[in-house]
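The values are calculated or read from the model by the stated rules, or taken from the named source; none is laboratory data. No experiment lies behind these values; they were computed from the predicted model shown. For neighbour counting, all protein chains shown are included, and Cβ atoms are generated from backbone atoms with ideal geometry for every residue, glycine included. Ligands, DNA and RNA are excluded from the accessible area calculation, which covers all protein heavy atoms including side chains. Shrake-Rupley method; radii C 1.70, N 1.55, O 1.52, S 1.80 Å.
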Amino acid sequence: MGLFKAKSFLSVAQNDSECEFVFRKLGFSKKIVDEKTLKFSVDSATDFAAQMAEFRQSIAKSLHANILIDDPTQRVIFSSEPKRADECFYQSVDSDFTVEFPRSATTKSDEKFGASFNSYESLFKVLYFLYKNQHEIDSVAMFVLKFNDRVAFLVANKKRALYADMILIDDEMKGMMSDSDELFYEILNFQIDNFYQSKNSEFLTNVFIYSDGTLSNEIGYVIFTRIHIKTNLINLNFADFINKIAMVEARN
């Protein structure tokens, strides 16, 4: 077995209001020996490339850089060898679980931050890692990831994923229902109905919701009292989590 080389990781996640950089360095013992973060508000005038260049001056020059991709057209293909289109990027997450999203999403990210990222972490890949790290699955659970106005859904049992979908919360939806928690509940209920009508339908025993912090703490109680499924709400730091994904993949 070869000696593990020290490695550095830089991760980026940006939503409509803020952007965060997370840097960590693993030493030869695979323990974190250095880490830095930067979070800043964003608007139409933000120079992301300048922010990235300044941050990189204080960290290792040689590193693995990854970024969160929140393109709303990304989708899961339950196949290890899907039919491929030239204009799409394909991310093999696990056997029979591939994520497809436009290749343009990767080039736009590179151009915005003035960097060539080594990997692009789709919302579905993040959700799949969260599912694999969840040890409280009784039977079949729904995993929900809310980031910006994107809501990704994954239904899985202990062995495999059964269902995946994504919804973009657009202005029309917001106009029809001003209460964000009520709107989220309606979207969730719609997805549960869709799953129960799918070919892999099984009884759901848990719902795990991973949020960017925009949902109220009461949403789990609201869902449980209406559809009687045990619900857990977990606020997630996305830049931090994709940084940990990169480290896990480097250790393997």
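Numbers for the structure displayed
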| read-out | value |
| --- | --- |
| Where a residue in the range 24-39 is more than 18 Å from Ala239 (Cα to Cα) and open to solvent by 70 Å² or more (accessible area, probe 1.4 Å) and its partner, wherever it lies, is at pLDDT below 95 and among the aromatic types (Phe, Trp, Tyr), with Cβ under 8 Å and at least six apart | Phe28/Phe4; Ser29/Phe4; Lys30/Phe4 |
| Number of positions in the range 23-61 that are more than 25 Å from the chain's Cα centre (by Cα) and within 16 Å of Met247 (Cα to Cα) | 5 |
| Where Asn237 falls short, out of the listed (1) open to solvent by 50 Å² or more (accessible area, probe 1.4 Å); (2) touching a strand residue (DSSP E or B) at 6+ places or on another chain (Cβ under 8 Å); (3) modelled with pLDDT under 90 | (3) |
| Residues (hydrophobic (A, V, I, L, M, F, W, C), touching a residue at least 40 places away in the same chain (Cβ under 8 Å), open to solvent by less than 60 Å² (accessible area, probe 1.4 Å) and in a loop (DSSP other than H, G, I, E, B)) located in the range 58-85 | Ile59, Ala60, Leu63 |
| Condition check for Glu87: in contact with a Lys or Arg (Cβ under 7 Å, 6 or more places away or on another chain) and either charged (D, E, K, R) or at pLDDT 95 or above (or both) | yes |
| Residue in the range 45-53 that is surrounded by fewer than 18 Cβ atoms within 10 Å (Cβ to Cβ) and among the charged types (D, E, K, R) present | yes |
| Where a residue in the range 149-172 is within 17 Å of Phe101 (Cβ to Cβ) and open to solvent by less than 10 Å² (accessible area, probe 1.4 Å) and its partner, wherever it lies, is in a strand (DSSP E or B) and among the hydroxyl-bearing types (Ser, Thr, Tyr), with Cβ under 9 Å and at least six apart | Ala152/Ser122; Phe153/Tyr163; Leu154/Tyr163 |
| Residues of the range 195-224 satisfying the condition of being free of Cβ contacts under 8 Å to residues at least 40 places away in the same chain, in contact with a strand residue (DSSP E or B) (Cβ under 7 Å, 6 or more places away or on another chain), surrounded by fewer than 18 Cβ atoms within 10 Å (Cβ to Cβ) and outside any loop (DSSP other than H, G, I, E, B) | Phe224 |
| Complete set of residues in the range 108-128 that are surrounded by fewer than 19 Cβ atoms within 10 Å (Cβ to Cβ) and at negative phi | Lys108, Asp110, Glu111, Lys112, Ala115, Ser116, Phe117, Asn118, Ser119 |
| Scope the range 183-194; condition in contact (Cβ under 8 Å) with a residue 24 or more places away in the chain and open to solvent by 30 Å² or more (accessible area, probe 1.4 Å); matching residues | Asn189, Asn194 |
| Condition met for Thr98 (over 27 Å from Leu233 (Cβ atoms) and crowded, with 18+ Cβ neighbours inside 10 Å) | yes |
